[in-house]
1. For Gly161, indicate whether it is surrounded by 21 or more Cβ atoms within 10 Å (Cβ to Cβ) and within 16 Å of the ligand (Cβ to nearest atom).
2. Restricting attention to the stretch 79-115, report how many residues are within 16 Å of the ligand (Cβ to nearest atom) and either more than 16 Å from the chain's Cα centre (by Cα) or open to solvent by less than 10 Å² (accessible area, probe 1.4 Å) (or both).
3. Considering only helices (runs of 4 or more DSSP H) fully contained in the stretch 1-94, which possess at least 1 residues that are acidic (Asp, Glu)?
4. As an exercise: evaluate Leu142 against (1) under 25 Å from Ser436 (Cα atoms); (2) within 12 Å of the ligand (Cβ to nearest atom) and give the number of the one condition it does not meet.
5. May I ask you to list the residues in the stretch 177-215 that are in contact (Cβ under 8 Å) with a residue 40 or more places away in the chain, open to solvent by 50 Å² or more (accessible area, probe 1.4 Å) and either touching a Pro at 6+ places or on another chain (Cβ under 6 Å) or at positive phi (or both)?
6. Within the stretch 488-505, count every residue that is under 13 Å from Leu582 (Cα atoms) and within 23 Å of the chain's Cα centre (by Cα).
7. Do you know which residues across the stretch 172-206 are more than 16 Å from the ligand (Cβ to nearest atom) and more than 28 Å from the chain's Cα centre (by Cα)?
8. May I ask you to verify whether Phe167 is within 14 Å of the ligand (Cβ to nearest atom), in a strand (DSSP E or B) and either surrounded by fewer than 21 Cβ atoms within 10 Å (Cβ to Cβ) or modelled with pLDDT of 95 or more (or both)?
Amino acid sequence: MISKPSISYPFDYDNRFISNQILLELYKNMLKSRMIEEKMLILLRQGKVSKWFSGIGQEAISVGVTMALANDEYILPMHRNLGVFTTRQIPLHRLFAQWQGKAGGFTKGRDRSFHFGTQDYKIIGMISHLGPQLGVADGIALAHKIRNEKKVTAVFTGEGGTSEGDFHEAMNVASVWSLPVLFCVENNGYGLSTPIAEQFNCKHIAHKGKGYGMEAHIIEGNNILEVYNRVSEITAGMRENPRPVLLEFKTFRIRGHEEASGTKYVPDALMETWKEKDPISNYTRFLHDEAILLDEVEERYRNEIQAEIDENLQIAYAENDIACNENEELNDVYKDYAYKEVKSEDDIIEARFVDAVSLGLRQAMEKHGNLVFMGQDIAEYGGVFKVSEGFVDQFGKDRVRNTPICESAIISTGMGLSINGMKAVIEMQFADFVSSGFNPIVNYLAKSHYRWGQSADVVVRMPCGAGVGAGPFHSQTNEAWFTKTPGLKVVYPAFPYDAKGLLASAIEDPNPVLFFEHKALYRSITQEIPKNYYNLPLGKASLLKQGQDVSIITYGAGVHWALEFLNLNENISADLIDLRTLSPLDTEAIFTSIKKTGKALILQEDTLFGGVASDISALLMENCFEYLDAPVQRVASLDTPIPFAKSLESNFLAKSRFEKMLINLLAY
Ligand SMILES: Cc1ncc(C[n+]2csc(CCOP(=O)(O)OP(=O)(O)O)c2C)c(N)n1
């Protein structure tokens, strides 16, 4: 029977199609979440947990959504979704240990609160930046869709988070690709202290769905039965007919943004209205009124939960604080990967740099059936540099995907594919545009393995570099943005042979790799290379020339500038080192050479300050000082943006200063 809205409850409770067992489970899960939070508030005051983001008053959303999903469907919760974690039955001592920074948690003490994921429970936690996980959900759902698995992925955000570009990008991608993502927006009135009227200028967030061509619904988020019923029904449809759906849950944040910040800015009347809509007290009354929950059962539940909390807190307290092991800290930055050499010596072909990249990528697609290639105009059009011409015909549209112009969501999508067992290669149309996808690369992909053991099996291809008169936004070589970030690998080949073999390895490697391809080399450098699949180890430099008087250390276009000069000046006796990989850096090759020659010139196309050459210089000072016969020289491009006009660009580039500085160094 359907209960009439009455003065007893602020909402309709429709329990017609829900068994009493589920009705009680919904109740118990909400109660558990509430009772844990109440305990946490006490512990917070006692200084036993650090920060706390309260979800009190919002439990129905976490619990209702989680119970409507199957246990093997991914959920990407936020900082107020304790109910997701507890409904999935994560042992409480692990949660408590996580909040106390102990090893029994999920991050070896490396991240706090809800900032973790766990494949065991199919929960992928947030990063602080809020937005990127929306695109990650796209990637998880895409993997399901490609494998024809009928699964939904649910991702949460607050209404504040919907102002981020990631929200727009992820919704748009999900809609264009018909991905079964349930976008759950918890509209709780405030983003920190900012009220909704200052956050967005439309009546309901659900109205935004229309603009993306997406089904959208408004749900009374404090009504557990409405949440459970509607989400169950909607997700059943999404599994059969994959498509994204936007849900706006109306709710309210009863406590401060985090406990220390309070709620002074919330009008009292507003607070009172919402307190009356408390999801647990109202539902408890309803269950009692319907004789589904008896007093003694409620008491038993409370006692059981209390005992579970106390017992698990003792387990967490009994655990020692983490003892730092620096080796383990460093080792966990990357996922272990044992490189296995694959050789191919027969069938030599003449290939330009661009052909080598194309063939390498094609063969990787053949080798890894779970590899998805994404980028702007990369499908039928073949990419702006024609690297992927013909790929759609060979691999189909599922695996060769044109993307909307949304670097951030696509990088995040790559992360989601990786989480759900696939590999991704993403082509930046120009390396310059990676700035629009910077956040997920440096914060999500780079840090996930260290934080909770989830690697990002993603290669970002970066057509980069100057010398083609393309001006400030199509000519940068921005490798230093990434060599600075622990967790990323950075590869920068200078020859077709290296490009093909290193690309193969970058794709084999389960860690995130930024793969730089100098576009001025694409069609100017040709080499004989093996036609078939082979790989080359990352992190190994190559010694292109051997000499006695100076070591020239360089990569990318710099290798060709140096070669050109040395070939014209055979009297100069130099080691020429092509680094090939910048992170990890082959310091051994560099040090061995300097110990022999005593002089070092580091040549980079990047601008001077803060570039890779600066770190190599510092390493030489620290490790080879007594072998040096002259100050280490860095030769780099001018510290300006890259100009367009030929004469300005030539002056800008390091090449214009290289010769003079090398001669000066030799004369020192
Ligand atoms: C990119 C970014 N900017 C700012 C913040 C600081 N911050 C953390 S949570 C938050 C408010 C989020 O509001 P909302 O998305 O509505 O979620 P709620 O906290 O209300 O649940 C802000 C401003 C952040 N974490 N990341």
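1. yes
2. 10
3. Numbers: elements: 20-45, 59-68, 82-87.
Helices (runs of 4 or more DSSP H) meeting the threshold: 20-45, 59-68.
4. Single failed check for Leu142: (2).
5. Residue satisfying the conditions is Leu192 alone.
6. 6
7. The one that is more than 16 Å from the ligand (Cβ to nearest atom) and more than 28 Å from the chain's Cα centre (by Cα): Lys203.
8. no
The values are calculated or read from the model by the stated rules, or taken from the named source; none is laboratory data. These numbers come from a predicted model, not from an experiment. FYI the Cβ positions are ideal-geometry reconstructions off the backbone, even for glycines, and counts take in every protein chain you see. The area values use the complete protein model at the heavy-atom level, side chains included, leaving out ligands, DNA and RNA. Shrake-Rupley method; radii C 1.70, N 1.55, O 1.52, S 1.80 Å.
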